[in-house]
Every structure is written in structure tokens, then in C-alpha cells.
1. Choose one answer from R53, R19, R29: the residue with the largest mean-square fluctuation in a GNM of the chain with alpha-carbon springs under 10 Å.
2. Based on the inverse mean of 1/r over its pairs of different Cα atoms, what is the Kirkwood hydrodynamic radius of the chain, in Å?
3. Where is the GNM fluctuation largest for the chain (alpha-carbon springs, 10 angstrom cutoff): A127, A41, A111?
4. List the chymotrypsin sites (Phe, Trp or Tyr not before Pro) within the range 104-139 that DSSP assigns to loop and that have no more than 10 neighbouring Cβ atoms inside 10 Å.
5. Cross-chain or 8 or more residues apart, Cα under 18 Å: how many lysine pairs in the chain fit that? Count them up, please.
6. How about the range 70-164: which trypsin sites (Lys or Arg not before Pro) there are in a DSSP loop, with at most 14 other Cβ atoms within 10 Å of their Cβ?
7. Which of D30, D152, D110 moves most in a GNM of the chain, Cα contacts under 10 Å?
8. Give me the log10 of I(q) over I(0) for the range 68-164 at q = 0.20 Å⁻¹, as the Debye formula computes it from C-alpha points; what are the numbers?
Amino acid sequence: MTESSPLQTLLDTLPQTGRVEWIGLRPERDAPMVEVEHAHATPDTGLEGDRYRGRPGSKRQVTLLQHEHLMPITAMAHTSPVTPSMLRRNVVISGLNLLALKGKTFRMGDALLEYTGSCDPCSKMEALLGPGGFNAMRGHGGITARVLEEGDIAIGDTVKREPV
């Protein structure tokens, strides 16, 4: 057995748990987000009712945003409070640094997901947040994930790293 480096030990230490604060689905391209209390995730297809569902192999089956980033985005966009639906992500999580999930699997409600990358902002942020909206979102866009195990996700559910 090889010994982990001190940095790897730090990267692997994630005792915090998060909480699902908001869930939204995009039924089709450019349609308004539909806020829901719960969603059903299925492996390799994503969230039922979301436009990205049914794209096997996609790394963008579920998009997550950190709740604590809403205030800085609002401040940098110089706009009224930014809401989760404006940012077009599926799930907003509080209490857990989403970037700490890089290279990890995690349980959200009953579903098991895998971190697949960062969710960079798109040009729609200029229209939704006003001029500078794209740059206000840089570094605050959240993450993308793939569903590994089927399960339900509801507001109030726990989000935690899956043990190795």
C-alpha cells in the first residue's frame, strides 16, 4: 500500500456535508427554469424533466451551484438579488465547497453522482444578469456531474462525499 502525500490527504479530507437548497429543471432550450421540490435522477441520463436528460455519456447530466456564491455574483453583477433560477443550474447546495468534490463521487439524497467538471458561465448570463453578468459568474458557475446510481433528490437532502 502506498502512502498518500500530505496534499492528497488534505484533498481527500472532506468531513463537511451539504444541504440541497433548491432544485430546478430546464424543460427545453431557452425555456424558464421550473422550480421543483424533488427530482428523480437516473444513471447515464440525468434528471427526469430536464432538457439534458437522455444524453448517454454526457458529463453534464446534473449541474450544481454553491448557495454561498449567490451573494458575490449579485454584488459583482451590480443587480438586484440573483436567484437560482436566473443562473440555470439544476441544484443549489449550501454548506459544502463543491470544488472539493473534484475527482470524487458523492451522494445527494438517494442518488450517487460523480464530479465531471466545472460549469462555466455562458453568454446567457449577459442577458439574464445584465452587462458584465458573464464575468460576475466566472469562478462561481458551479460544477457538472454524472448520475451513477438512481435515486430521488429533494430540498433538504444531505450532500456528502461517498467514502472510498
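Values in this text are rule-based calculations from the coordinates and carry no lab data. No experiment lies behind these values; they were computed from the predicted model shown. Virtual Cβ from ideal backbone geometry, glycine too; neighbours counted across all protein chains shown.
1. Most flexible of the set in this elastic network: R29.
2. Values: mean 1/r = 0.0620 Å⁻¹.
Value: 16.1 Å, from the Cα pair sum.
3. A127
4. none
5. Details: K59/K102; K59/K104; K102/K160; K104/K160.
For the chain, qualifying lysine pairs total 4.
6. Numbers: sites: R88, R89, K102, K104, R107, K124, R138, R146, K160, R161; in loops: R88, R89, K102, K104, R138.
Those satisfying the criteria are K102, R138.
7. D30
8. Log10 of I(q)/I(0), two decimals: -0.98.
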